[in-house]
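Shown next, in structure tokens, is the structure this report addresses.
The values are calculated or read from the model by the stated rules, or taken from the named source; none is laboratory data. Not measured: the values here are computed from a predicted model. Note that we place each Cβ from the backbone using ideal geometry, even for glycine, and neighbour counts take in every protein chain shown.
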Amino acid sequence: MATAAALAAPLSAGVVVESVDEGSVAAAAGLRPGDVLWAWVREAAPPRSRTGAAGELRHPFDWGVLQTEQGRLGTTELQGQRDGFAMTWRVDGPEWGAAVRPLLAPDLEAAWREGIARRGAGDTAGAAQAWRTAAKAAAAGGEPSTAAWFSWQAARLLFDGGDEAAGEEAIAAGLAAAGDDAVAAAALWEARGAAREAKGDLGGAAAAYAETLRWRERGCGECLSVARTLVDLGFVAQDSGDAEAAEGYFRRAVAIREKLAPGTPLAAFALNNLGWALKAKGDLAGAEAAQRRALAILAGLAPESAEAAHTLKLLGGVMFAKGDLREAEACFRRSLAIYEKLTPDSLDVASSLSNLAVVVQDLGKLEESEALQRRALALRESLAPNSLDLAASLNNLASLLHSRGDLAEAERLQRRALALRESLAPESADVAGSLSNLGTIAYDRGRYAEADGLLLHAVRILEKEAPASAELAGALANLGIVARQRGELDASETYQKRALAIVEALAPGSPDVGGFLINLGNVAWERGRLDEAEAAYTQALALWDQLAPAGPQAAIVRLNLGSLAFSRGRLDEAEARFRAALAIQKGLAPRSVEVASTLGNLAAVALARGDRKGGKRLLTEALAIQRRQAPGSALEAELLHELGKLAWQEGRRRRATALLLRAVEALETQMAHLGGAEEVQAAFRGNWTGLYHDLMRLLVERGRAGKAYSVLERSRAQLMLALLAGRDLDLSRDVPPELEGEWQRVATALRAARAEAAAADPVAEGERARALRHEVQRLEDERAALLARLRLVSPRAAEIRAPLPLDAARAARVLPADAVLLAYSLGEPTSLLFVVTPVGRVDALPLATTRDEVRRAVSRLRAAIVGGVLGGAGSDDWVAEARSLYDLLVKPAEPAIGKARRIVVSPDGALHLLPFAALLREAPGRQALVGWRPLSVVPSLSVLAQLGRVPRPGGDGVVLAAFGDPSYPSGAPTSGDPVVRSVLARTGGLDPLPGTRAELEAIATVFPEAGVRLFLGEEASEERAGSLPRDTRLVHFACHGFVDADTPLDSGLALTIPAAGTEAGENGLLQAWEVLERWRVDAELVTLSACESGVGKDVSGEGLLGLTRAFQVGGARSVLASLWPVADESTAALMGAFYRALAAGERKDEAIRRAQLQLAARQEFASPFFWAAFQLAGESR
């Protein structure tokens, strides 16, 4: 309402109304463009303001302050004139909807109008220039406030147009003109802060807003404008990840607004901001208190307002994070109702629909959740295409469909969400969320390598962007699930404990706590800690029955408790748990992989009770679901395996064979997508040797020995085959530029982590040692994920694939023409011996023993041999064990061996540690097997074929490179290198080996002097070993060796230990992982004349992981290594005889046989301890 009075006096100060928004408070009050305003008066309006206020309007900066300070405190009377008449206008509200300018002299007004015209024509540079020129004129004319205002207008226009440099110049000019005018200076600094914030320069924004705050505090002390700037600083701090600073700024803003504007929306908004910061910090109780205070204010003022709806939405988010799903649902429903009334079909409605859908999904109302999410998605696709809001809807709907079992559609939507987020907010927490969700989908579809890479990427982002968030906890938990599936239990437990610690600090009793308890229970179970697992599951069940008794997690925990009961023989309890879980799962997603898994568990119960018909029906139903949802997965292989065994028991051997072959195919598809480090992949495959063994036994039973042997080749050393095929990949050359930085980062971090882990004492530093080993494992997984990406983007790397395993006919052609192969498959209830001849004949002989029985027998023989010398036991204690093992393992093949001139052994399980040379036969009398035929061992004939493809060294290169008598530190282990320190501590120090100098000098005389390179003493260095010519024919290491049974790739050879690290970073330890990664010498033979150099970690189906395997991948066609600690004198004699025979032209297997027999003939070395330790692995010629 406007009122007029007498003619006013001529004006010297004030502001001119430039524009009035249609429908605004100013328009309702009667303000028009051209009106001049010079003063204001506000009435008291308890409780918003207990006193009135008044002031002048000297320039436009005062107008902005007036609205901030007085707009929400009561009705304000504006005083001014129109057409020479004094006028007043009454306004009330936070935003009046009018723009003003200064009173301008004609020339300055003309410049102002020129700028407006140019801006309207799209010439922002011209408009800004006109105003900057006007600013200079105003300053020269003694009007500093007007000059500052023109500069302010120009700067905002330039910043919006992207000309930051010119905008900064305009700000600087404005600040110079403003001088000590606190109001003008604050406005200019605020403009700079807003520009920096919009650009993403949060540091620059914080600095500019800090200056704004300084000027405002100088101008008005503790006022509402100061509170507004504190809010700006709070948002910048929050976006920078500084939750503590954000909380501090918002608390100060709340204090000012509650003092100066109590009970107003301003106070409520400040409380909402504080609640948001407290939630981000993890203080959910504080966040709830702040937002309930805000809601109480708005309930008294405008309970059906948009502000109230927004507050309800924030409060619902806090209650959801706290795990109070019912209260969260109530808040979101009230918020949605208000928005649908005020702004139907708006983005606010879409946001409320999406929030409500997430909550009801966790409550198990999946159909309602999907309907809500689809409504939200439709609104956002219409109103905000290519936005982060749309990405959020895609993400949420994908998560829902994932839980309902529609994995293909879930993945499609999630990839759309990821593309939007990577485009609009690269490397943000939102991107991490999509990566994490895609990782869980990839996991459920059996693509473990892809899942691992996605989740690791998500964790890296979240550790930087949200280091104590529920989102990070979720990604860590998912990584833990993948690690458990691959058998990495230490890593899995570490991930899950980190995740649980985060959510217990954020929201004890929340859904996440329940989920992570289940995950930890799973790990405890696999470790055999059944009581601990049951306690975790029971705690989780109580939580989920309270939070969401019909939700997916309630089903999972019942399923796990049922499985635990089954493992303990409590079949009734197991069935009850499984059926309760199945009822929930079918209500949520009747055709999901979860339903398939539970049906498989119910089948196991039925079969345990002898109900084959019921078990078969359940398995068939489960398989139909799994094949549709996740073909080529481990679960599909498991179901097919069980159905195959049932068909076999029923006498349907042809059907059983088909089912077991399909199970193998599903497993191998899963293996192709497994990912992870070599040890992890080997361990996973090792868990499935029973499947291959069953298929082999069935084929043998059907008289198809050749097919059975093909399955053996298919099951053996597949990872080694892949490594052999890819050994010529030059990563320094073949890594694309976009991956090079990442590759170097991971490689450097892995080297450092290995050093730290090796140095940690597992006893004295148990927790730290485990954490460091987990870090090594994590980095190995990350490197494996990078290698998988490399294969996709590097054309040369993409060509390198593991060769297909050989079938029986092609495998036989790899054998030397005068050899016979003895290949073993150990298992239950019987084992198998395959006897293969070069003409392609394959005989499969059943062995009446099991894997465990063989392990115990081998252990007894080794103990008798080693103990007979080192422990003082009777010298012939080993004889009975050697005869027994010969009769069990070799005697059935005597007819074929008698027709051959040499034996090639492909061991399995404990047989990798068996000294076959020492087995005794009646021939007549006591004859060692090596006395009958020369021996060599290979993982498989497919591997032997690959080893044969290594180029043979030329005739003019180095014939022998030998390393011996290394220099070792004396006294207590004091090396500065942590890995060396650890090895010295574990071995009790490295004793000098002066005898190896004589050993090598004697060997050297056997070969032409020009072709021999001896590296003795200081020269026996890791650096020298790493720089050997690639065509070196023979390589000999006479030094200490060390074995790491837990992480076999950390095993190695101890060469000269430098007093300080070398320029190349060498520490004198040539470890298996270094050989795998860096050593490339196409040697005919590498001899490891070191203690237990042929020992490693036995992994079913892969063989021994350790030095022998590493050197073969590095290029050696054969490796001669020892199975137990060797004696210096006997070893020197053995090596001398071996190399003399080799130089005389004998084959490698014949040469080691001759040396062993010569040594055994000497009375002092008659025990197999002295001559049977060394075993030739690889090619025999």
Looking at this structure, is residue 393 surrounded by fewer than 23 Cβ atoms within 10 Å (Cβ to Cβ), among the polar types (S, T, N, Q) and assigned to a helix (DSSP H, G or I)?
-> no
Is it the case that some residue within segment 329-351 is over 12 Å from residue 393 (Cβ atoms) and under 32 Å from the mean Cα position of the chain (by Cα)?
-> no
Scan segment 1134-1159 residue by residue and report those that are crowded, with 21+ Cβ neighbours inside 10 Å and not basic (Lys, Arg).
-> 1134, 1135, 1138, 1139, 1142, 1149, 1151, 1152, 1155, 1156, 1159
Say we look at segment 1027-1054 and pick out the residues that are assigned to a helix (DSSP H, G or I) and of a type outside the set (A, V, I, L, M, F, W, C); which of these is modelled with the lowest pLDDT?
-> 1048
In contact with a Ser or Thr (Cβ under 8 Å, 6 or more places away or on another chain), hydrophobic (A, V, I, L, M, F, W, C) and in the same structural domain as residue 15 (by TED's automatic domain parsing): does that describe residue 157?
-> no
In segment 205-216, is there at least one residue being closer than 30 Å to residue 300 by Cα and either in a loop (DSSP other than H, G, I, E, B) or aromatic (Phe, Trp, Tyr) (or both)?
-> no
Which one of these does residue 359 not meet: (1) over 17 Å from residue 253 (Cβ atoms); (2) at pLDDT 90 or above; (3) among the aliphatic types (A, V, I, L, M)?
-> (2)
Tell me which residues, restricted to segment 196-232, are over 24 Å from residue 72 (Cα atoms) and surrounded by 23 or more Cβ atoms within 10 Å (Cβ to Cβ).
-> 205, 208
Test residue 465 against the criterion of being under 27 Å from residue 633 (Cα atoms), surrounded by fewer than 24 Cβ atoms within 10 Å (Cβ to Cβ), charged (D, E, K, R) and not assigned by TED's automatic domain parsing to the domain that holds residue 240, and give yes or no.
-> no
In this structure, does residue 378 turn out to be surrounded by fewer than 23 Cβ atoms within 10 Å (Cβ to Cβ), outside the structural domain of residue 275 (by TED's automatic domain parsing), in a helix (DSSP H, G or I) and of a type outside the set (D, E, K, R)?
-> yes
Residues in segment 849-871 that are in a loop (DSSP other than H, G, I, E, B) and of a type outside the set (Ser, Thr, Tyr) total 1
Checked 846, 829, 895 against criteria (free of Cβ contacts under 8 Å to residues at least 24 places away in the same chain and either part of a loop (DSSP other than H, G, I, E, B) or within 49 Å of the chain's Cα centre (by Cα) (or both)); the one match is 829
Which residues, taken from segment 915-934, are assigned to a strand (DSSP E or B) and crowded, with 22+ Cβ neighbours inside 10 Å?
-> 920, 928
If you go through 904, 943, the only one that is crowded, with 24+ Cβ neighbours inside 10 Å and either among the acidic types (Asp, Glu) or touching a strand residue (DSSP E or B) at 6+ places or on another chain (Cβ under 6 Å) (or both) is 904
Return yes or no: is residue 152 of a type in the set (Phe, Trp, Tyr) and either within 30 Å of residue 75 (Cβ to Cβ) or at pLDDT below 90 (or both)?
-> yes
Inside segment 1083-1181, counting only helices (runs of 4 or more DSSP H) that do not spill past its ends, which hold 1 or more residues that are within 24 Å of residue 855 (Cβ to Cβ) and modelled with pLDDT of 90 or more?
-> 1168-1171
Could you list, in sequence order, the residues of segment 29-62 that are charged (D, E, K, R), assigned to a loop (DSSP other than H, G, I, E, B) and modelled with pLDDT of 85 or more?
-> 32, 35, 58
Within segment 73-113, which residues are closer than 21 Å to residue 46 by Cα and surrounded by fewer than 23 Cβ atoms within 10 Å (Cβ to Cβ)?
-> 74, 75, 77, 90, 92, 93, 94, 95
Count, please, the residues in segment 25-50 that happen to be free of Cβ contacts under 8 Å to residues at least 40 places away in the same chain and touching a Lys or Arg at 6+ places or on another chain (Cβ under 9 Å).
-> 1
Examine segment 237-244 for a residue that is within 18 Å of residue 281 (Cα to Cα), of a type in the set (Ser, Thr, Tyr), assigned by TED's automatic domain parsing to the domain that holds residue 309 and surrounded by fewer than 18 Cβ atoms within 10 Å (Cβ to Cβ), and state whether such a residue exists.
-> yes
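Conditions tested, residue by residue: (1) touching a Lys or Arg at 6+ places or on another chain (Cβ under 9 Å); (2) under 24 Å from residue 396 (Cβ atoms).
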{"residue": "432", "(1), (2)": "yes, yes"}
{"residue": "444", "(1), (2)": "no, yes"}
{"residue": "448", "(1), (2)": "yes, no"}
{"residue": "472", "(1), (2)": "yes, yes"}
{"residue": "476", "(1), (2)": "yes, yes"}
{"residue": "487", "(1), (2)": "no, no"}
{"residue": "493", "(1), (2)": "yes, no"}
Considering only segment 1055-1070, state which residues are at pLDDT 70 or above and more than 33 Å from the chain's Cα centre (by Cα).
-> 1055, 1056, 1057, 1058, 1059
Single match in 80, 74, 122 (criterion: assigned by TED's automatic domain parsing to the domain that holds residue 15 and part of a loop (DSSP other than H, G, I, E, B)) = 74
